[in-house]
1. Select the helices (runs of 4 or more DSSP H) contained entirely in the stretch 440-507, then report the ones holding at least 1 residues which are in contact with a strand residue (DSSP E or B) (Cβ under 9 Å, 6 or more places away or on another chain) and modelled with pLDDT of 95 or more.
2. Across the stretch 263-286, what is the number of residues that are crowded, with 18+ Cβ neighbours inside 10 Å and within 16 Å of the ligand (Cβ to nearest atom)?
3. From the list Y302, Y289, which residue is at pLDDT 95 or above, of a type in the set (F, W, Y) and buried (at least 17 other Cβ atoms within 10 Å of the Cβ)?
4. What residue, among those in the stretch 420-477 that are within 15 Å of the ligand (Cβ to nearest atom) and among the β-branched types (V, I, T), is nearest to S14 (Cα to Cα)?
5. Inspect the stretch 416-439 for any residue being without any contact (Cβ under 8 Å) to a residue 24 or more places away in the chain and out of contact with any Cys (no Cβ under 7 Å at 6 or more places or on another chain) and give the result as yes or no.
6. So the check is Cβ under 9 Å with 6+ separation or different chains; which pairs have a first residue in the stretch 299-328 that's part of a helix (DSSP H, G or I) and a second one that's of a type in the set (K, R) and within 12 Å of the ligand (Cβ to nearest atom)?
7. Would you check if D371 is within 12 Å of the ligand (Cβ to nearest atom) and of a type in the set (D, E)?
8. Considering each of P75, P48 in turn, give the residue that is surrounded by 17 or more Cβ atoms within 10 Å (Cβ to Cβ), of a type outside the set (S, T, Y) and touching a helix residue (DSSP H, G or I) at 6+ places or on another chain (Cβ under 6 Å).
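The values are calculated or read from the model by the stated rules, or taken from the named source; none is laboratory data. Quick caveat: nothing in here was measured; it's all calculated off a predicted structure. When we count neighbours, we look across all protein chains shown, and the Cβ atoms used for this are built from the backbone with ideal geometry, even at glycine.
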Amino acid sequence: MRILLLVHAFNSLSQRVFVELEELGHEVSVEFDISDAVLREAVALFHPDLILAPFLKRAICEDIWKQVTCLIVHPGIKGDRGPSALDWAILNDEKKWGVTILQAESEMDAGPVWSSLEFKVRPGATKSSLYRNEVTQTAIKAIHQAIERFESNVFQPSRPNINAPDSRGIERPPARQSDRKVNWDVDDTKTVLRKINSADGTPGLKDEIFGRTVFLYDAHLAHGFSGKPGEVIAKSGPAICRATTDGAIWIGHLRDGDEPNTFKLPATRVLNEKIKNLREVSIDSINGYSEIRSYEKDDVGYLHFDFYNGAMSTQQCDRLLIAYREMLKRPTKVIVLMGGTDFWSNGMHLNVIKASPSAADESWRNINAIDDLAEEIIKTTSHLTVSALQGNAGAGGVFLARAADYVWLREGIILSPHYKDMGNLFGSEFWTYLLPRYTGQDNAKAISQARLPMSSKQAVEFGLGDERFGDSHKAFCAQVVERAKKLSTSQDFDQLLHDKIARRKIDENRKPLGDYRATELEKMKSNFYGFDPSYHIARYNFVHKIPKSRTPVTISRHRDLRRIEKQRRAS
Ligand code: COA
């Protein structure tokens, strides 16, 4: 079928739908929801059999949904309506929630249902984490079911009976700040976390600290602290600790609500002078805000680095390098780089770069810090190394993962192995060595130019990953432990280590790693300091979430003239 994806933005769910439908053999093209006229043009150019909207914020115009069947993915149970479905699910402490695929009609979220599936709400999950995991997983299943039903030509979608005694779905208004305002004198820790989690990602929970309006994100339970409810009682790395009525929480990120054009930053950075004299809890201590965690089991060392949104600042890279070097000293045999649960890594921390006095200097420091880490991993001779991707990875994060000897991917994750969308950024992290080394010259060229998301299946086919398994975090992590143990106890271990060292020597003699780094960084220097401001403009737009004014031709196939001409000639 020809399926047009209509999206507000090409977010993680839309990317996953795009790659999966293509893998099923459908012809897929994407159009951003910029205006009704642009959509009409897309329909005229592409002639879709079906329009699918995995992430849409406004209604589709009537002439289009009357002309082509339009299916909307709503992150709510059958009968649920409104723009804040997940916010309410978390605020109301729903134990089960769902995803519904409904047909577009004049009233938002009110059309006949093509598929509706439910999932268990993970206790303590943030809205964005729930979206990236349970919602995405369930949406993919529901979309497959809806498309099968649509293709069958016999299925009749029906309207939910919201008056049925077991119906839980209702129309809900947008969740406002007043619906989730924290009452620090009354709310217990669980309630405070639930309110902040309901707003994580966007819009953040509006609050006040030291008389300033701030939006709170990235909240976690803090162990062993207490104080006057609402008071900021400690700091640790990027996070501040706030007391609640029955304990305390860490808040990792804030957005300043008093200044215009602000964006999310590490909390200690936003409060800066105000918390100068506050008690500092070491980030490495058991009670601190630990983004980096390591432990050993059997002969395997595991390194978790759960950086918010997968963004890695200079400081975070430096700390991770120290932790990695510590692991190299241990008498283990295998080191597994676990990344975070939602993201493995998305490369340099573009928000921290934006907030720095010189964005060019901070970009330079940040890329060098990631390169130091990548180099240490590539040069490791004492251990076999594994990158285990529980979550998505983008740009430099993908190549940092490929620096390890083995890359294991959770089924269903999406990789974005390219930099060019960030204002033609050249990229570093030794990608000019790693990509051809693992995927071959031709594929390396195709991957870096295509600027497309990649499924775990494609990544393994191309050699960007070695294996994919586990359809849930639990299943994936359990298999990672099993496989890492097997690797460390393998009779071939010494041979495998010997082979890797020998291969590295050959590669080094052919072209030293330092040369790859120098060439990449030379190009990055021009991106950061050169005449062409594209990187800084793209970075600004990304950090400030400026909506795109047109769909990139890489995904908007119906607007790709070269592709259309090629297809015309072929037919
Ligand atoms: N620095 C700072 N924040 C980042 C980030 C980065 N490198 N990468 C992602 N984020 C943030 C986003 O701003 C967003 O923030 P939010 O919580 O306010 O919504 C969140 O992480 C999720 O990102 P989003 O873009 O919504 O996720 P996605 O799954 O739709 O897209 C990527 C994934 C990787 C394609 C996209 O995030 C991206 O292009 N990131 C930048 C990669 C990059 O160029 N890095 C620098 C070069 S190494």
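1. 456-462, 473-489
2. Count: 5.
3. Just a single option satisfies the conditions, and that option is Y302.
4. Ranking the qualifying residues of the stretch 420-477, first place goes to I447.
5. Yes, there is a match, as at least one residue in the stretch 416-439 is without any contact (Cβ under 8 Å) to a residue 24 or more places away in the chain and out of contact with any Cys (no Cβ under 7 Å at 6 or more places or on another chain).
6. Partner pairs satisfying both residue conditions: Y308/K264; N309/K264.
7. yes
8. Being surrounded by 17 or more Cβ atoms within 10 Å (Cβ to Cβ), of a type outside the set (S, T, Y) and touching a helix residue (DSSP H, G or I) at 6+ places or on another chain (Cβ under 6 Å) holds for just one of P75, P48, which is P75.
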